[in-house]
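Here's the structure we're looking at; comments come further down.
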Amino acid sequence: MDNSAVSAMDLYRHTRGMSLVDRFTVLTNTGDECIREVELWFLLKRKTTPVCYVWFEPSPKMSIDEGIMKTIYVNKIVKAGCTVKILMADLFAVCYKSGSYNLDQVRTIGSYNIEMWRAAGMDLERVQPVWLSDELNHHPSDYWPLALDISTKSTVDQMARCRVDLESFGPEILSGAELFYPCLQIAVILVQKADMWLFSIDQRNACMIARSYSENLKRKNKPIILLHNILPSLLEDPEFQDIADPGHTIFMEDDVTALSYKMKRVFCPPNLTLGNPCLDYIKHVIFPWFGKLEVVHTEGKDGNRTFASMEELILGYESGVVDSANVKLAFEMALNKILQPVHDHFRDNSRAMALFSSLKKYKRGRRQA
C-alpha cells in the first residue's frame, strides 16, 4: 500500500464520528475570519480530505505566534480531516527577512522551526512541509509567468498595501523587491493544488487579490482562506517602541528567567480589558491550550480561582475579582508549562540540539560580520 493510501486511511479513522457540521465548526473557529464560509461548506460536502496549505516564512527567532498558535491551528485543521501542507517560504525569507542568511542557512532555520513544532506537540505525522525554493526550481514555468502577469494587472498601491501600513509608510520607500513580493506570493497561492489556505490576518490583502485574480480569469477553484489573529506587543505604546526590543513578545526559547523579566514589563492596566495585550495573549494562547486559566491569589486574598472561559475572566477582571498582578502571574505560570516541554526537547534530543547549535553559529557569524 502506498503512502498516500495510508495517509487517507489514517485521516478517515481520525475524523470518523465527526459530522459535517462538526468539521465545518472546527475549521471556521480555527482563525478569526473565513473567506468564504459558503464555499468551505460545499467543499467539505464534496471532499472528505481537503488539502490545506499553511504559509510560513522561516525565522531564527520564533515567537509563540508562529510556534504555539500555529501548532494549535494546524492540529485543529488536521482534526477536521484535512491534509495539511506547510509551505516553507524559504526563498522569501532569504530575500525579504533574513538579512545576511543564505538559502542553505534558511533551510536549516526552517528545519529548526519544524523541530520547534514537533516539541510543542504539532501532529507532524499528518503534516507535510513543502519548500518553496524546491517548487520554484522544479516548476519555474508554473510560477514566474503567473507572477509577472499578476504584476501587470496590479498597481503599486495594491502591492504596497500587502507589505506595510500606508498610514505610516508610503510605497515610495519600498524596494522593488518588496513590491514584487506579493506578486510571487499570490502566484504561489494560485499554483498550489490547495483547497484552502491558512494565513495570518496581515496577509489578508494578498489573499483578496488572489481571489479577485481568480474571479477575473473565471478560474473554477478560488482559494478558501482562513485568517488568524496576530498577537499584539506586550509593551505599552507599541508605536513608539523599538521593534528590536525582545520584550514586545514571547519567544519559544524564553526560559523561566526570561519570562519572569518580561512579565515585569508587560502592559496590563488594572480593570481595563480593551487594549490589554496580556489578556489578548491569554485569549489566543492560554485558553486554546488549557481550556482554562488558573489564578493564584496573592496579598491577602483567599484561595485560588479557575476561570473556564475568556468571558468569565473578563468579567472578573473588570469587576476587580482578580487583579493585574495575579493575572500576570497566572499568565507566566501557564506559559512556563507550555514552553517547558520545548526546552526539554532541545536539551535532550540530539537532532534538536544540533539544529540549535547551527543557529547559534549563524548568529555569531552575523555579529562578527
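The values are calculated or read from the model by the stated rules, or taken from the named source; none is laboratory data. Quick caveat, the model's predicted, so the values are computed rather than measured. As a convention, Cβ positions derive from the backbone with ideal geometry for all residues, glycine included, and neighbour counts pool all protein chains shown. Protein only, heavy atoms only, side chains kept; ligands, DNA and RNA dropped before computing areas. Shrake-Rupley method; radii C 1.70, N 1.55, O 1.52, S 1.80 Å.
Here Lys360 fulfils each of the conditions (1) assigned to a helix (DSSP H, G or I); (2) open to solvent by 60 Å² or more (accessible area, probe 1.4 Å); (3) at pLDDT 90 or above apart from (3).
Identify the residue in region 130-161 that is touching a Phe, Trp or Tyr at 6+ places or on another chain (Cβ under 9 Å) and closer than 25 Å to Ile68 by Cα and, among all such residues, is most open to solvent (accessible area, probe 1.4 Å). Selected residue: Val130. Scanning region 335-351 for residues that are open to solvent by less than 60 Å² (accessible area, probe 1.4 Å) and over 16 Å from Phe251 (Cβ atoms) returns Asp344, Asn349. For region 74-97, a residue qualifies if it is farther than 21 Å from Gln128 by Cα and either modelled with pLDDT of 90 or more or open to solvent by less than 60 Å² (accessible area, probe 1.4 Å) (or both), and the qualifying residues are Val94, Tyr96. Counting only residues that are of a type in the set (Ser, Thr, Tyr), in contact (Cβ under 8 Å) with a residue 60 or more places away in the chain and part of a loop (DSSP other than H, G, I, E, B), region 89-114 holds 2 of them.
Here the helices (runs of 4 or more DSSP H) wholly within region 180-282 that include at least 3 residues being out of contact with any Pro (no Cβ under 7 Å at 6 or more places or on another chain) and modelled with pLDDT under 90 are 204-216. Here is a check on your reading of the model: is Ser100 exposed (fewer than 15 other Cβ atoms within 10 Å of the Cβ), modelled with pLDDT of 90 or more and of a type in the set (Gly, Ala, Ser)? The answer is no for Ser100. Per this entry, Asp323 is counted among residues that are more than 25 Å from Ser63 (Cα to Cα), in contact with a Pro (Cβ under 7 Å, 6 or more places away or on another chain) and not hydrophobic (A, V, I, L, M, F, W, C).
Restricting Val266, Val256 to those that are touching a Lys or Arg at 6+ places or on another chain (Cβ under 8 Å), farther than 30 Å from Phe24 by Cα, in contact (Cβ under 8 Å) with a residue 40 or more places away in the chain and β-branched (Val, Ile, Thr) reduces the list to Val266. If you take the residues in region 15-37 that are open to solvent by 30 Å² or more (accessible area, probe 1.4 Å), of a type outside the set (S, T, N, Q) and within 24 Å of the chain's Cα centre (by Cα), which one is nearest to Arg204 (Cα to Cα)? Across region 15-37, the extreme among qualifying residues is Glu33.
Look at region 115-127: where a residue is in contact (Cβ under 8 Å) with a residue 12 or more places away in the chain and among the aliphatic types (A, V, I, L, M) and a partner is open to solvent by less than 40 Å² (accessible area, probe 1.4 Å) and not in a helix (DSSP H, G or I), sitting 6+ places away or on another chain with Cβ atoms under 6 Å, you get Met116/Met62; Met116/Met252; Val127/Val84. Please tell me if Thr48 is of a type outside the set (Lys, Arg) and either open to solvent by 20 Å² or more (accessible area, probe 1.4 Å) or without any contact (Cβ under 8 Å) to a residue 40 or more places away in the chain (or both). Answer is yes for this residue.
For region 222-243, check the following and say yes or no: at least one residue is under 21 Å from Leu40 (Cβ atoms) and open to solvent by 50 Å² or more (accessible area, probe 1.4 Å). So far as region 222-243 goes, yes, one or more of its residues are under 21 Å from Leu40 (Cβ atoms) and open to solvent by 50 Å² or more (accessible area, probe 1.4 Å).
I'd like to know if region 70-88 contains one or more residues that are in a helix (DSSP H, G or I) and over 23 Å from Arg23 (Cα atoms). No; the residues of region 70-88 include none that is in a helix (DSSP H, G or I) and over 23 Å from Arg23 (Cα atoms).
Any chance region 188-206 includes a residue that's of a type outside the set (Gly, Ala, Ser), within 27 Å of Arg347 (Cβ to Cβ) and open to solvent by less than 10 Å² (accessible area, probe 1.4 Å)? No - not one qualifying residue is present in region 188-206. Does region 300-318 contain at least one residue that is touching a strand residue (DSSP E or B) at 6+ places or on another chain (Cβ under 7 Å) and part of a helix (DSSP H, G or I)? Within region 300-318, one or more residues are touching a strand residue (DSSP E or B) at 6+ places or on another chain (Cβ under 7 Å) and part of a helix (DSSP H, G or I). Is region 135-152 home to any residue that is within 18 Å of Tyr73 (Cβ to Cβ) and within 22 Å of the chain's Cα centre (by Cα)? Looking for residues that are within 18 Å of Tyr73 (Cβ to Cβ) and within 22 Å of the chain's Cα centre (by Cα), one finds none in region 135-152, hence no. Filtered by the rule that a residue be among the aliphatic types (A, V, I, L, M), in contact (Cβ under 8 Å) with a residue 60 or more places away in the chain and closer than 20 Å to Val78 by Cβ, region 28-45 gives Leu40, Leu43.
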